[in-house]
Amino acid sequence: MALIKQIRQRTGLAIGVIAGGLILFLLGGDLLSPNSSILNSNQNVVGEIAGEEISYEEYVASIEQFRVAFQQRTGRAPSEPEMFTVREQAWQALIVEKVFNEEYEKLGLTISDAELVDMVQGKNIVAELRQQLVNPQTGEFDKSQLVSFLQSLENADPTQQAFWAQQEQLFAESRLRIKYDNMLTFSEYVTSVEAKHEYEAANTIADVSHLFVPYYAIADSAVSVSESEMKDYLSKNQSKFRTGTSANIEYVSFSILPSSEDSAEVISEIQSLTEELRNSENDSAFVARNSESQFPFFTYAPGANLPASFTSNVDEMEEGATYGPFVTPNSTYITYKVSDQYEGPARMRASHILLSTEGMNDAMKAAVKEQAEQILADLKGGANFAVTASQYGQDGTAQNGGDLGYFAKADFVEPFANAVFAAKSTGLINNVVETEYGYHIIDVTGMPLTQYTKLAALEIELVASDATRNEAFRNADSFAAESGNRNQFKENAAEQGYRVLEASNVDATSRNINNIQNAREVIRWAFTEASADEVSPVFELDNNYIVASLISKKEEGDAKLADVRTQVEAQVRNDKKAAMIAEKLAGKATLEEMQAVFPEASLNTTPDLKLSASVIPGVGFAPRAIGSIFGLKNAGDMTAPIKEDVGVIVGKLNSLNPAAELGDYSGFQSQLTQSASQRTSYQVMMALQDLADVKDYRYKFF
């Protein structure tokens, strides 16, 4: 009875303990995890853009928009590697929204309703739609499909309408970015003085002798490096050593590549299917049912590139013939059948330079025409068409030298198409051609081709069988279970003959570990779950099972001496060695006398060193030494000892051949302008992101 009384007295306490245990059980996963939303409210933030926090929910909503767009475009859900691209697109879209939209507003850049209509159903339909709506019989863009789709939108379900509204928004944002980039690209200008300097740097040549004293000429033991010296060096050179969020990981890989038995089975299967394809009367249906190819049946228009695995194995194709199976670089076996070859609408190839006249009055158009005719005259005189197109072209083809590829007559406006298809031979068309877009200078690069080819592709991937995969997993799982910490991990690997590999400074956002691709789950484990010396569970990757151990990890920011001690110590030691080498060389009158001081040094001559060079043959990267050499005024002059990353260099000028004067530096001017234009968009984007102080914490979630 006394026991029962005690139980009754403690009932309230027992219920409280049980209730508390249930609450901890339900919340424990979140409470104890490194991503706990209870203990750390900031864990819901995936990044910051221009001082604004981006929540997990906002980012996921952006991802979902792009995922749906991918699925609508391809008819399938994205794979995990493709989801990486989708997530990047979503992140970039947020950056554009937060950063670039402000720039667009400042500049007054907009997309008008008329422009948007032209992009989706007019004469300048965006490439995304042209690629999606292709007639499978001709391989060409089918505008009738687009018209039918747009007409059906009014009665389409809300999901379809919402998708199209999102697509139009993406088209508009993409066009705004193109306008912004083009504005920057075409604003680049290089002066004739800059062009002259570029020419002189590339053509000023010196005959030089150079003494190279490597740092190992002085033994490491002869140089002492103190803790205080390393700390002082690091504090003055933090920019060299600033670290990102990274980790050092050890791992053992268990291959799940196909065995010889797996390969034999696939070969037997495709040989059997090849025979069936050879006798098939409906090739498209057969390969659609049996092939693992993304496009098992496709019509190749004249001028289009046939698959490389076909052209590299077949010299002359014959209608109705079957070729293969062949092994592809993607570890697949593939057989092709030429289902049909027929004559169709002719296609020609051309390049053009467009000088736009949109929005201009007659006087302005006349000035543009005069400029176009002058450019045409220069081309007739021998100017390079691709270079000229990149300099003067005012549409997207300018970056490709004006190349339009092969096209049908119906693909272009009549004046342009008529001019190209009237050509009797390749080469420049004699006159400037005017269209509603402006004046075109046209170079015909390919005469009419009319043969269309239908190819059926029977492809089977060589993959590991279930038996092969199961054996690899058993080995990996057993190894992980027996390795409770990093020491046991290394001991077990040595005992069982497994090779332990190390991946150093793995970035938190990386998707690969060394040469192992799609290892994102391993990296997320290291940064969000693991502690130092912990061993992971088994991770299944594309062709491997991985068991990993975390060595260490560090957060983004200024480097600590413990993280970069080896590099800092080497830099400080080399600085001291450079001073010692210079001191021992002081007072020596010739390079030969200097070499006698250091037998390890090399003394060589370079008769054609250019001012624009950054590397001395036989020495390595030495821009400071090259600059000092070209700063010498007279033959026989020598530089002071120059410290470079590779060692200490002393240069002697034997002779100098300045670049000959040119009457016209416009060629170099064009090259520099083109080079700068190609870099501008990327550099401006990086600058805007830097100014916006974009911080990316997505590695904690994905």
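The values are calculated or read from the model by the stated rules, or taken from the named source; none is laboratory data. Because the structure is predicted, anything quoted here is derived from the model rather than measured. Cβ coordinates were reconstructed from backbone atoms using ideal geometry, including for glycine residues, and neighbour counts include every protein chain displayed. SASA here: full protein model, heavy atoms, side chains in, ligands and nucleic acids out. Shrake-Rupley method; radii C 1.70, N 1.55, O 1.52, S 1.80 Å.
Quick notes on this one:
Yes/no per residue for (1) at pLDDT 95 or above; (2) of a type in the set (Phe, Trp, Tyr):
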{"residue": "Phe412", "(1), (2)": "no, yes"}
{"residue": "Pro415", "(1), (2)": "no, no"}
{"residue": "Asn430", "(1), (2)": "no, no"}
{"residue": "Thr435", "(1), (2)": "no, no"}
{"residue": "Met447", "(1), (2)": "yes, no"}
{"residue": "Leu458", "(1), (2)": "yes, no"}
{"residue": "Arg469", "(1), (2)": "no, no"}
{"residue": "Gly497", "(1), (2)": "no, no"}
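- Close contacts from segment 238-264, counting a first residue that is free of Cβ contacts under 8 Å to residues at least 12 places away in the same chain and a second that is of a type outside the set (Gly, Ala, Ser) and open to solvent by 20 Å² or more (accessible area, probe 1.4 Å), with Cβ to Cβ under 6 Å and a gap of 6+ residues or different chains, come to none at all.
- Among the residues listed as Arg573, Arg565, the single one being crowded, with 17+ Cβ neighbours inside 10 Å and either at pLDDT below 85 or more than 31 Å from the chain's Cα centre (by Cα) (or both): Arg573
- Selection count where residues are among the acidic types (Asp, Glu) and surrounded by 13 or more Cβ atoms within 10 Å (Cβ to Cβ), scope segment 154-183: 3
- Residue pairs whose Cβ atoms lie under 8 Å apart, separated by 6 or more positions or on different chains, with the first residue in segment 506-523 and more than 19 Å from Glu556 (Cα to Cα) and free of Cβ contacts under 8 Å to residues at least 40 places away in the same chain and the second open to solvent by 70 Å² or more (accessible area, probe 1.4 Å) and in a strand (DSSP E or B), do not occur.
- Only listed residue being at negative phi, over 32 Å from the mean Cα position of the chain (by Cα), among the acidic types (Asp, Glu) and part of a helix (DSSP H, G or I), chosen from Glu194, Glu154: Glu154
- Screening Val117, Val68, Val86 for residues that are loosely packed, with under 14 Cβ neighbours inside 10 Å, farther than 30 Å from Leu449 by Cα and β-branched (Val, Ile, Thr) leaves exactly one candidate, Val117.
- Of the residues making up segment 278-304, just one is surrounded by fewer than 15 Cβ atoms within 10 Å (Cβ to Cβ), among the polar types (S, T, N, Q) and modelled with pLDDT under 90, namely Gln294.
- Criterion: within 30 Å of Thr185 (Cβ to Cβ) and of a type in the set (Val, Ile, Thr) - qualifying residue of Val648, Val684: Val684
- If you go through segment 223-277 and keep only what is open to solvent by less than 20 Å² (accessible area, probe 1.4 Å), of a type in the set (A, V, I, L, M) and farther than 16 Å from Thr332 by Cβ, you end up with Val223, Met230, Leu234, Ala247, Ile249, Val252, Ile256.
- Residues that are hydroxyl-bearing (Ser, Thr, Tyr) and in contact (Cβ under 8 Å) with a residue 60 or more places away in the chain, drawn from segment 54-82: Tyr56, Tyr59
- Just one of the listed residues (Ala127, Ala93) is exposed (fewer than 15 other Cβ atoms within 10 Å of the Cβ) and more than 14 Å from Ala50 (Cβ to Cβ), and it is Ala127.
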